[in-house]
Structure formats: structure tokens, C-alpha cells
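Some notes on the structure that comes next.
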Amino acid sequence: MSVLNFTADEKMAGLRIDKALNDKVDFSRTRLQQLISDGLVEVNDEVVKANYKLKLNDEIEIEVPEAVEYTVKPYPMDLDIRYEDDDVIVINKPKGLIVHPSASTKEHTLVEGVLDHCHDLSGINGVMRPGVVHRIDKDTTGLIIMAKNDMAHQALADQLADKTMSRKYYALVSGVIPHDSGTVNAPIGRNPMDRQSMAVTDKNGKEAVTQFFVKERFKKNTLIECHLKTGRTHQIRVHMQYIGYPIVNDPKYAPKRARGDGQLLHAFELTFIHPRSGERITVNAPLPENFEAYLNKLREENN
């Protein structure tokens, strides 16, 4: 356990303690808020909450626990493997499964299941994310490719960067889209009003382009096919909300009345150039049962 001490100066006075200390410490605001929540931050020898507003000359003490090294361990789980060889593995990820662990993750992740299956993955992304070339959200279903060695990992990462890897999604959105196709070209970055979400923003936003094609219309919904031209966090979810057609049951970006058991977003096709053979490979995954059932119900209502 280490201890950090600060005295509130004029710049810090009047600010929330989590915001004021964010420029003083070398860890994230989320980490700082967790320390405050755990009662490890005191002002004038009293435990405070994250919304405490500092006063000039307040004496602040932060107790920082020693970091615990996390080792990803194999964990047996049923995997829907859609393609596999000595270099890569493509899995159809189910809803509710996180791709890789983090310091705060307490549930088992896809990485642990893949490690149990193939015993080794690339190490380019470090001990927390072995083999992980790209991610999909916890409640998004569908295809994700992982690398078994560093050569494959680098080749696949290059394909993501130069856009020679293709990823296609099915999404059910709220509202009826009148036109048959469209392109959303709007930068995405961390939401300045909510650091736990993303948003279309010019402030620190990065280029984000999503193409969509209408596949089927219902009374109050539209099934679309989305093609990613870039790979920003929550890209499809943010872009569709931005143009007024949020993903059905999206817990973060859809209206509260539309929330349910995971957003109806599925990565159904992935095309990549094999890192060793140079062959162009396309892998597909069918819609999960709950998604298909939801569509069938809408089709019945259309009749």
C-alpha cells in the first residue's frame, strides 16, 4: 500500500475531488473513483464521496493498494467454432460473454475459453488480451477472429488497419428507414457528458464510417445489414442512434422503453486474407435463436 498526499490549491478549490485529482495522479478517473468508493480517499482525515467539492488548503490523502498481477487462465466452455487452423480461430460469440478480461472483470471471458481449447494465443496485446485482434460488445453476438501466434496477429491487425478485412452485421433498429441504403460518416469519441459511453463528437472524435442496407421493413422496425469501414468502439450502435434509429434493446443507446435482454446486433460475416496462405476466407454465422424469434414475431404482426 502506497500513500499519496496533496493540498488543494486555488485551481482545485471548488472542483469535485475526482475531477480535481484526475490531473494529479497517473491513473484513470475510473480508477480514482473506485478508490474513493472503497473509502481509500480522505480529506482532512475524513472519508469523502466522489462529489465532494474541495476547499482551499484541504489536506487530501489517497491510499493506493499494490497492483495485483492478473494472469489469464484457461477455462472450459462450449465454443461455436466456425473456422480454425494452426494460425487463426473464428468463433461465433454468444450474447452476454465478454471478449477479454480486465482488472475489474469477475466473470469468465471468451479469451479464457479459447485458451482452454487451443492452449496458446498470440502475445502482442499482452497478458490481459492474448490473441485478441478486435472485439465485439458483451451483448453483441457473432463472429470474432483471434490469432494463435504473433505472425498471424500482426497480419490480421494490418488487415484491420488497411480495411482489407471485411465485417458485416445484421441489426434490428427502432423506426422505419424510408431509404434503401445509406452511409453514416461521423466521428466517434468518448462522450464528454458520460465517460462510460461513446458519442458522435468533434472533440477527440476519430473517423467512423458505417454503410447500411435495408433488408426488411416492419411496422415499427427495420432490419438492416451494416458494413464497417472503420472499427470504433460501439460504432454501429452510436451511428444508428445518431441518425434516429437506435438498435432495438440496446441497454446503453436505445430509449428506456426499448431496453431488454441485449441489443439485437449480430456479426454474421467476416472475410479475411489468411496470414500464411494468402487465401481469402469468408466465414458466416446464422442469427441466434432469440434474434430470429424476434424477427418472426414482427413478420407475423406485419401480416
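What follows draws every value from the coordinates through simple rules; no lab data is involved. Just so it is clear, the model here is predicted, and its values are computed rather than measured. Cβ: placed from backbone, ideal geometry, glycine included. Neighbour counts: every protein chain shown.
Miscellaneous remarks
- Mean shadow area of segment 148-228 over all directions, Cα convex hull, nm²: 7.6 nm²
- When each of LYS106/LYS252; LYS73/LYS252; LYS93/LYS219; LYS138/LYS219; LYS148/LYS252 is checked by Cα-Cα distance, pairs over 23 Å: LYS73/LYS252; LYS93/LYS219; LYS138/LYS219; LYS148/LYS252
- Residue exposure sequence - CYS226, CYS118 - by fewest surrounding Cβ within 10 Å: CYS118, CYS226
- Relative contact order (%) - the chain, alpha-carbon pairs under 8 angstrom, separation at least six: 14 percent
- Under 5 Å between amide hydrogens, built in the peptide plane, is the criterion, and for ARG82 it picks out VAL90, ILE91, ASN92 among residues at least 5 positions away or on other chains.
- Neighbour-count order for LEU160, LEU265, LEU56, LEU143, fewest beta carbons within 10 angstrom listed first: LEU56, LEU160, LEU143, LEU265
- Sorted fewest first by neighbouring Cβ atoms within 10 angstrom, TYR169, TYR75, TYR52 come out as TYR75, TYR52, TYR169.
- Extension gain for THR164-ILE243 works out to 25.8 nm (0.36 nm per residue, less the C-alpha to C-alpha distance).
- Once percent of Cα pairs over 25 Å apart is calculated for the structure shown, the corresponding label among (1) 58; (2) 51; (3) 48 turns out to be (1).
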